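Every number in this text was worked out from the coordinates using simple rules, so none of it is lab data. Since this is a predicted model, take the numbers as computed values, not measurements. Backbone-built Cβ (ideal geometry, glycine too); neighbour counts: all protein chains shown.
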Amino acid sequence: LWQLIPRPKHQPPLVWHWIPFLGSAPAYGRDPVTFFRNCREKYGNCFTFILLGKRVTVTLGTQGNDFVLGGKHSQLAAEDVYSHLTTPIFGKDVVYDCPNEKFMEQKRFVKVSLTIDKFRSYVGMIEDELRDYLNTDSAFRTYQMNDINEWGAFPVLKTFSEITILSASRTLQGREIREGLTKDYAQVYSDLDHGFTPLHWMVPGLPLPSYRKRDAAHLKMSSFYQSLIRNRREHPEREHEDDVINSLMQQKYRDGTPLLDHEIAHILIALLMAGQHTSSSSIAWTMLHIADRLDIQEALYKEQVEHFGTPDGGLRDMRYEDIRELKVLDAVVRETLRLHPPIHSIMRQAHTDIPVPATLAAPSEDVKYVVPKGDIVLASPLVSQVDPAVWDEPEKWEPLRWYDEKGVAAQANKQYNEGEKVDFGFGLVSKGTVSPYLPFGAGRHRCIGEQFAYLQISTIITALIRRMEFRIEGEFPKPDYTSMMVQPLPCQIMYRRRNFD
Ligand code: HEM
């Protein structure tokens, strides 16, 4: 009944709900995009809903993205929202379990090892991992039999999750960790991964087996990484690969202190986890769309033949430099990340009362909304990435929109690459936090894995499309919003081997 009591005019409208503590959790959890769109129709671009006892104020559209992603850290903090989910998984003293300035330094340390030189060597490593996987995984039996007439089928989520972890650990984590990725380690990883759910986020400490397994897995993984680091410190004379561990061991914080062993171990776990679901679900969606749209699949293969074809009818190996030149592949990846950004909600906690700019939402000319201190503030780039005011046929997966010269997206893409300002039809706005296309976030918390993810996805898609044709049978799978990242509901892709070896 308290919802019927008139509220202060400057408070954003509260979404109507029947059950007090539960609030709008079922509608938000089932399908956040539909929930946000319905709320936008009723309340405009700024409104508050109740999520299991917490007040969440949503700000939509490009201005809404800017409000959250471009907010000052003194006003909007990410660690307050995420730390009880991530700290038990990543570990102490890194990411959201340390002052934000320290985390920003840690992000800088990692960026040092995500250089173009490293990327050059990663392409071949990812290719090798994929080749080995196709030649050993039981789902690729007809591929292994060299049978170009017989169709086989592989499970989408399992396959791309495994390929992602194998290729990320080989490249980012280094040879020693990749070699340690045994069956035993896979179980540890899976236990850790099962702690990455909305339940573990909403209710941090439950006496359930998944919580205990998560904690045990963290201890095991952290000790494994730390023993590896100790071993390197004790034997500096041994030659080691030029990998992220070595690079982190040489870095120092601004005050001159080096990273401690457990911090290095926890940064490595964080990197593995941050890139795992995001990249594997992006590869899964990309492959599903390619399997569904035979015209684009054909265009992708043709692009490979034209770009890499050799006089003897073969295809030469891909190099890092080739990736940006593959227009169709580039459009396919961009379009998938537009329609299926793995992170649908980006949240912060308000540390002070924060006035909402009138350009975003205001009840009248004289009154401005104010987000009260303590609210969670939420932006959803997914909503602006499918906003009919920006995109033609926004729900359609249409890579052509990225290279049709007249298309809004192609224009924006060109300007983005040239580092210019981007005009999305809302007046001239700078690239950065004010944009309807933000699959990697923006501002202070922007993704540091974007270039790596782009390389990983592109290399895997290229390697697959060279070797096989793909189809899907039945309906295109729907998104599953009940996990932390938006992935397709369980499904299969049909494949048939091409002549390429
Ligand atoms: C942050 C998306 C892959 C590491 C983010 C954010 C987004 C995002 C939206 C912003 C989160 C926020 O503002 O709260 C993606 C997507 C990926 C991807 C779509 C793949 C397709 C990766 C990979 C890595 C990584 C491969 C590691 C190598 C990080 C880190 C942050 C981040 C460290 C910073 C978090 C912060 O500053 O609070 N990512 N990511 N991501 N991502 Fe990624």
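Data table
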| read-out | value |
| --- | --- |
| Fraction in percent of alpha-carbon pairs per bin - 5 Å, segment 132-264 | 2, 8, 14, 15, 15, 14, 13, 9, 5, 3, 1, 0, 0 |
| Net length gained if the chain between T482 and E450 were fully extended (0.36 nm per residue, minus Cα distance) | 9.1 nm |
| Loop trypsin sites (Lys or Arg not before Pro), segment 192-236 (other Cβ atoms within 10 Å of the site Cβ: 11 or fewer; DSSP) | none |
| Point-to-point label distance, N231-V203, nm (Cα→Cβ direction, 7 Å offset) | 4.0 |
| Taking all pairs of distinct alpha-carbon atoms in the chain, Kirkwood radius in angstrom | 24.2 |
| Label-point gap, in nm, between L260 and E150 - each point 7 angstrom along Cα→Cβ | 5.6 |
| Rounded FRET efficiency, nearest 0.05, which uses the C-beta distance separating Q250 from R471 and R0 of 51 Å | 0.55 |
| Rg followed by Dmax, in Å, when segment 201-348 is reduced to its Cα trace | 21.8, 64 |
| Inter-site label distance for K92 and T352 at 7 Å from Cα along Cβ, in nm | 3.3 |
| Förster-model FRET efficiency, 45 Å R0, R212 and R293, C-beta, rounded to 0.05 | 0.50 |
| Prolate/oblate/rounded call for segment 229-299, Cα gyration tensor, a/c under 1.5 rounded | prolate |
